[in-house]
Amino acid sequence: MKRNALELYLVTDRSLSLGRSLFDIISAAVRGGITMVQLREKTCDTREFIELGRAVHGLLRPTGIPLIINDRADIAQVIGAEGLHIGQHDMSYPDARRLLGTEAIIGLSVENEAQALECLSFAGLDYIGASPVFSTPTKTDTAAALGPDGLARLRRIVGAGMPMVAIGGIKQTNIQEVIRAGADGVAVVSAICSAPSPSQAARELLTEVERAKS
Ligand code: TZP
Ligand code: MG
């Protein structure tokens with residue numbers, strides 16, 4: 001995985017897409033410059049998830065934007081997605097790597113310093129998702145918010161070499177502090193999925209990430 005693929009990572013949530021199709025939201029966000037997509041589908045059935053995954057993969061493949069599937073290694077495998085994102089209660093990282101092989105992108109959510117430390121023993125882990133940086137109505141069953149200081153502590157633990165994306169409550173106005181704390185980029189749900197114009201929202205968020213990194 002190219003590390004700059006983490007700059008603006010769209011994570012989907014159909015319940016926040018204001019009645020619009022996820023496919024349309026993702027298409028618009030691609031036009032706005034997103035660098036990676038995670039399909040995070042908690043409510044649709046498996047067959048619908050696979051259908052959506054195939055359609056989205058068809059959209060993304062020509063653009064080179066990696067498609068990551070949340071939780072479901074089986075779905076990542078059948079649709080040939082570029083990768084899988086797992087949380088601390090999903091399949092373990094070593095098992096996911098065994099199943100998907102060395103080529104797959106595998107990312108892991110990290111919520112605290114002990115989990116960050118454990119990542120140091122995970123050979124080939126592609127990135128960590130520091131979660132949540134700010135508390136967010138999008139996902140309320142989370143650990144306590146890390147804040148920029150907690151994010152900086154995770155960066156010190158995993159070292160400069162580990163790609164790290166920040167998630168949770170990220171919007172245009174807090175991107176500067178998140179990048180300054182050591183994130184390579186930001187993962188967002190509502191800032192794009194619920195935006196009146198997902199393409200414009202993506203463009204503005206990406207501009208802010210690039211400004212923060214320059
Ligand atoms: N994991 C930690 S916070 C979160 C996830 C999936 C939701 C982030 O959503 P938003 O709307 O970008 O705050
Ligand atoms: Mg999960």
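Tabulated data
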| read-out | value |
| --- | --- |
| Residue count, segment 128-173 (criterion: assigned to a strand (DSSP E or B) and either among the β-branched types (Val, Ile, Thr) or farther than 19 Å from Ala114 by Cα (or both)) | 5 |
| Evaluation of Pro198 against (1) over 19 Å from Ala29 (Cβ atoms); (2) buried (at least 18 other Cβ atoms within 10 Å of the Cβ) (one fails), failing number | (1) |
| Given (1) crowded, with 20+ Cβ neighbours inside 10 Å; (2) within 16 Å of ligand 1 (Cβ to nearest atom); (3) not hydroxyl-bearing (Ser, Thr, Tyr), number of the condition Met162 does not satisfy | (2) |
| Residue selected from segment 68-80 under the condition under 16 Å from Thr12 (Cα atoms) and touching a helix residue (DSSP H, G or I) at 6+ places or on another chain (Cβ under 6 Å), by the criterion surrounded by the fewest Cβ atoms within 10 Å (Cβ to Cβ) | Ile75 |
| Selection count, segment 8-24, where residues are away from ligand 2 (no atom under 16 Å from the Cβ) and either among the aromatic types (Phe, Trp, Tyr) or surrounded by 24 or more Cβ atoms within 10 Å (Cβ to Cβ) (or both) | 3 |
| Selection count where residues are over 14 Å from the mean Cα position of the chain (by Cα) and within 13 Å of ligand 2 (Cβ to nearest atom), scope segment 51-74 | 2 |
| Output for segment 98-153, where each listed residue is in contact with a strand residue (DSSP E or B) (Cβ under 7 Å, 6 or more places away or on another chain), closer than 23 Å to Asp13 by Cβ and of a type outside the set (Gly, Ala, Ser) | Ile105, Ile106, Leu108, Val110, Asp126, Tyr127, Ile128, Pro132, Val133, Leu146, Leu151 |
| Failed criterion for Gly87 (all others in (1) small (Gly, Ala, Ser); (2) under 14 Å from the mean Cα position of the chain (by Cα); (3) surrounded by 18 or more Cβ atoms within 10 Å (Cβ to Cβ) hold) | (3) |
| Ile170, sole failed condition from (1) within 15 Å of Ser131 (Cβ to Cβ); (2) out of contact with any Phe, Trp or Tyr (no Cβ under 8 Å at 6 or more places or on another chain) | (2) |
| Enumeration of residues in segment 26-50 that are in a loop (DSSP other than H, G, I, E, B) and in contact with a His (Cβ under 9 Å, 6 or more places away or on another chain) | Arg40 |
| Number of positions in segment 139-159 that are modelled with pLDDT of 95 or more and in contact with a Ser or Thr (Cβ under 7 Å, 6 or more places away or on another chain) | 1 |
| Residue that is surrounded by the fewest Cβ atoms within 10 Å (Cβ to Cβ) [pool: residues in segment 25-53 that are modelled with pLDDT under 95 and within 13 Å of ligand 1 (Cβ to nearest atom)] | Lys42 |
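Here is a yes/no grid of residues against (1) buried (at least 21 other Cβ atoms within 10 Å of the Cβ); (2) in contact with a Cys (Cβ under 9 Å, 6 or more places away or on another chain); (3) of a type in the set (S, T, N, Q):
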site	(1), (2), (3)
Gln115	no, no, yes
Cys119	no, no, no
Asp126	yes, no, no
Thr136	no, no, yes
Ile157	no, yes, no
Glu177	no, no, no
Cys193	yes, no, no
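The values are calculated or read from the model by the stated rules, or taken from the named source; none is laboratory data. Everything numeric here is computed off the predicted structure, so don't read it as measured data. Reconstructed Cβ throughout: ideal geometry from the backbone, glycine too, with neighbour counts over all protein chains shown.
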